[in-house]
Amino acid sequence: MKPIRKILIANRGEVAMRIIRACKELGKKSVAIFSEADIDGVWIRKADECYPILGDPVQAYLDGERIVSLAKKAGCDAIHPGYGFLSESAEFARLCEENGLVFIGPKPEHIALFGDKTASKKAMKEVGVPVIEGTEEAVADVGSGLAAARAIGFPVIIKAAFGGGGRGMRIVEREEDFAELFEAARKEAVKFFGRGELFVEKYVKNPRHIEIQIVADKYGNVVHLRERDCSIQRRHQKVIEIAPSPRLSDQVRRELYRIATKAMFRLGYESVGTMEFLIDEEDGIYFIEMNTRVQVEHPVTEMISGIDIIQRMIEIAEGDKLIFLQEELKFRGYAIEFRINAEDPANGFFPSTGTITRFLSPGGPGVRMDIGVYTGYTVSPVYDSMIGKLIVWALDWKGAVAKARRALDEFYIEGLKTNIPLHRAIVRDDDFIAGRFTTGYLDAKLESFNLEAENRLEAEEEKVRRIADMIEAIKSKKLTIRH
């Protein structure tokens, strides 16, 4: 297979920046695309080339035929989809292949398999992976869904058969609420994924959400890069991710590694991917889904392993063998990722848009910023609220929490609301410090966090404004400095 020379990045924001950096280190040319709403995007200026895709600002990144045509005109060999948008579209992966472009990701048949939750559940059962009891096929109407729920036993969870990210999902505690919640899940699934099929499965209360990062090449080599704990969530959307999990038993950890690598080997999986599991209170393991793309939270795995996951994706797509064996991998320390969202935690997480008037980022040893905004950048209302990620690393869990507190206290954004105050509150919580959290953690803590975080944010704002006023006074010679 010929080496890849030039890669079009079919994405935007911080993930586009992440891929551009990987391309530069590998000596590959990068091509960025941008919608009219993204005309001030920093990734546009960092790529070797950039081209606009005008029209609807969301559909611009979903127009596969247009993106492929542009990639060919720009002389690209390959397309990297990042995450979101077309990253889990089997049709787009096939379109790339049909046009002589390398799709940097798994084979289209694997994307299709794991994009269908019922089909993937069957496939996992066939290769010996434990799954949650539920419907074997998608259910299309309330009556069949309710019958399945009765057979399984309440509580149950309703999930979109096609899609992910917490969309098209409802927890049903009581039978009398089933019809209403089923219809709500169906409407949301149609809105976000274009299909309304749902399936019903047993709901595991207060589990830990653990995922295993897999890297596999075309030659049957499969390795894991340990686990990530993604239990801290809001409405099934991840908020904080940790590698490795601070309270997972070694026995469960080893079993998860065995299950994940064996399953991907037997299926002939290629590229990077993430198997997601729920771990119940008795350490029972349940597969929930497979993500056939790079994850938002991949940096924490990179921090503990020293492996550039994006670069490995590109090299595998070129046909290279893995450059390491499982026993050669060395993992050190703990890493925590904080998703930085433009939203107001004190006001029901209402999205916040506008121009960033002041941006002070944290730094220092063990601090990484994956972010695509800056002072003067205007956050658009048309995209997801995540504007970046703060990642910290230390040799032990206690050190990682301490570093997170310091870095979050250094982090300041003015001009719009963010969830930084919520993160500041979490890293000061006794249960978080002790590593005691499940998927119900944030719901139980949220009310008190918001009150505490809002007060801390006001104090930070006042301090920054006081310093800014003093500096302006000095510049205008209205303040004399005396020693």
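The values are calculated or read from the model by the stated rules, or taken from the named source; none is laboratory data. In this text the structure is predicted, and so the values were computed from the model without any measurement. Every residue, glycine among them, receives a Cβ derived from its backbone with ideal geometry; neighbour counts consider all protein chains shown.
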Kindly establish whether residue 390 is of a type in the set (A, V, I, L, M), surrounded by 18 or more Cβ atoms within 10 Å (Cβ to Cβ) and in contact with a helix residue (DSSP H, G or I) (Cβ under 8 Å, 6 or more places away or on another chain). yes
Those residues of the stretch 399-447 which are in a helix (DSSP H, G or I), of a type in the set (Asp, Glu) and within 15 Å of residue 231 (Cβ to Cβ) amount to 431, 443
Scanning the stretch 51-73 for residues that are touching a residue at least 40 places away in the same chain (Cβ under 8 Å) and surrounded by fewer than 16 Cβ atoms within 10 Å (Cβ to Cβ) gives 58
Pairing a residue in the stretch 451-476 that is over 19 Å from residue 420 (Cβ atoms) with any residue that is at pLDDT 65 or above, where Cβ atoms lie under 9 Å and the two sit 6 or more apart in sequence or on different chains, gives 472/478
Contact list, first residue from the stretch 8-29 and in contact (Cβ under 8 Å) with a residue 40 or more places away in the chain, second anywhere and among the small types (Gly, Ala, Ser) and part of a helix (DSSP H, G or I), beta-carbon distance below 6 Å, six or more apart or interchain, is 8/71; 9/16
- Query: When you look at residue 373, is it assigned to a loop (DSSP other than H, G, I, E, B), surrounded by 15 or more Cβ atoms within 10 Å (Cβ to Cβ) and of a type in the set (Val, Ile, Thr), yes or no?
  - Reply: yes
Next on the checklist: Is it the case, given these coordinates, that residue 320 is within 22 Å of the chain's Cα centre (by Cα), surrounded by 14 or more Cβ atoms within 10 Å (Cβ to Cβ), acidic (Asp, Glu) and not assigned by TED's automatic domain parsing to the domain that holds residue 28?
Outcome noted: no
Among the charged types (D, E, K, R), assigned by TED's automatic domain parsing to the domain that holds residue 441, surrounded by fewer than 23 Cβ atoms within 10 Å (Cβ to Cβ) and part of a strand (DSSP E or B): does that describe residue 289? yes
Check on residue 147, assigned by TED's automatic domain parsing to the domain that holds residue 188, part of a helix (DSSP H, G or I) and not acidic (Asp, Glu) = yes
Checked against (1) under 28 Å from the mean Cα position of the chain (by Cα); (2) of a type in the set (S, T, N, Q); (3) modelled with pLDDT of 95 or more, residue 118 satisfies every condition except (3)
Matching residues in the stretch 1-32 (closer than 15 Å to residue 372 by Cβ, in a helix (DSSP H, G or I) and among the charged types (D, E, K, R)) number 3
Within the stretch 38-88, the count of residues that are closer than 23 Å to residue 107 by Cα and part of a helix (DSSP H, G or I) comes to 10
Query raised in the report: Do we find a residue being modelled with pLDDT of 95 or more and more than 16 Å from the chain's Cα centre (by Cα) anywhere in the stretch 230-243?
Result: no
Checking 307, 314, 340, 336 in turn, the sole residue that is assigned to a loop (DSSP other than H, G, I, E, B), touching a residue at least 24 places away in the same chain (Cβ under 8 Å) and surrounded by 16 or more Cβ atoms within 10 Å (Cβ to Cβ) turns out to be 307
Q) Looking at the stretch 269-278, is at least one residue within 17 Å of residue 215 (Cα to Cα) and outside any strand (DSSP E or B)? A) yes
### residue 9 of a type in the set (A, V, I, L, M), touching a helix residue (DSSP H, G or I) at 6+ places or on another chain (Cβ under 6 Å) and buried (at least 19 other Cβ atoms within 10 Å of the Cβ)
yes
Of the candidates 48, 38, the one satisfying the condition of being of a type in the set (Asp, Glu) and either in the same structural domain as residue 298 (by TED's automatic domain parsing) or surrounded by fewer than 23 Cβ atoms within 10 Å (Cβ to Cβ) (or both) is 48
Of the residues in the stretch 90-106, those that are surrounded by fewer than 20 Cβ atoms within 10 Å (Cβ to Cβ), on the phi < 0 side of the Ramachandran plot and not in a helix (DSSP H, G or I) number 1
